[in-house]
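Structure first, then comments.
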Amino acid sequence: MNRAIIPGSFDPITLGHLDIIERSSRIFDEITVCVLVNPDKKTLFSIKEREKLIIKSISTIENCGKIVVDSHTGLLIDYMNQKNINIIIKGLRAFSDFEYEIQMAFLNNKMAPNIETFFLMTTENLSYISSSSIKQIVKFGGKISGLVPSNIEQDIIRKILE
Ligand code: PNS
């Protein structure tokens with residue numbers, strides 16, 4: 001079976017993430033969306049809250065039966081080796097993502113040579129969305145419709161404003 005993982009902070013999941021998940025689910029037999037810890041980022045949503053938002057978001061996509069949602073607090077490669085997954089999928093929005101992502105891809109491949117990273121370009125009209133901008137917009141009273149999955153919009157606003 002052709003399996004891949006989409007790792008990330010997902011704090012919270014955006015329409016950009018959902019686009020990558022949906023397109024990957026058309027290519028692979030099984031996709032694991034895994035919430036991991038990025039020590040460089042201060043997060044707002046707990047890991048469990050992030051998982052719940054992902055589960056709710058993917059329920060709207062056609063191939064949701066192929067998608068597993070999980071979390072892990074250690075190294076991504078350790079999780080992948082435990083689960084027998086050897087392909088990482090990362091979305092690229094711009095050149096600015098590339099430098100960071102290529103470093104991660106090289107490091108993961110150096111630590112686990114059986115693991116490869118595939119990059120998917122984010123759909124153009126979603127390429128400007130980031131989780132941090134979502135939090136900022138809500139905090140200052142702006143609207144996030146069209147930026148996050150519509151069925152989790154209110155959950156996100158409630159959490160940010162609580
Ligand atoms: O959405 P993000 O913040 O760009 O995702 C980055 C993430 C969470 C995938 C990355 O930080 C990660 O893999 N964290 C787990 C620890 C790890 O394996 N780090 C890679 C070696 S430096």
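The values are calculated or read from the model by the stated rules, or taken from the named source; none is laboratory data. Predicted model, so just to flag it, every value in this text is computed and none were measured. For accessibility, only protein heavy atoms count, side chains too; no ligands or nucleic acids. Shrake-Rupley method; radii C 1.70, N 1.55, O 1.52, S 1.80 Å.
Points to keep in mind about this one:
- Of the solvent-accessible surface of region 3-160, computed with a 1.4 Å probe and all protein chains present, 54% belongs to carbon and sulfur.
- Taking 22 Å as the limit for the C-alpha separation, the pairs LYS42/LYS66; LYS66/LYS135; LYS52/LYS135; LYS90/LYS139; LYS66/LYS143 exceed it in the case of LYS42/LYS66; LYS66/LYS135; LYS90/LYS139; LYS66/LYS143.
- The residues of the chain have, on average, 56 Å² of accessible surface per residue, using a 1.4 Å probe with all protein chains present.
- Pairwise centroid distance, computed over Cα atoms, of region 1-56 with region 111-150, Å: 10
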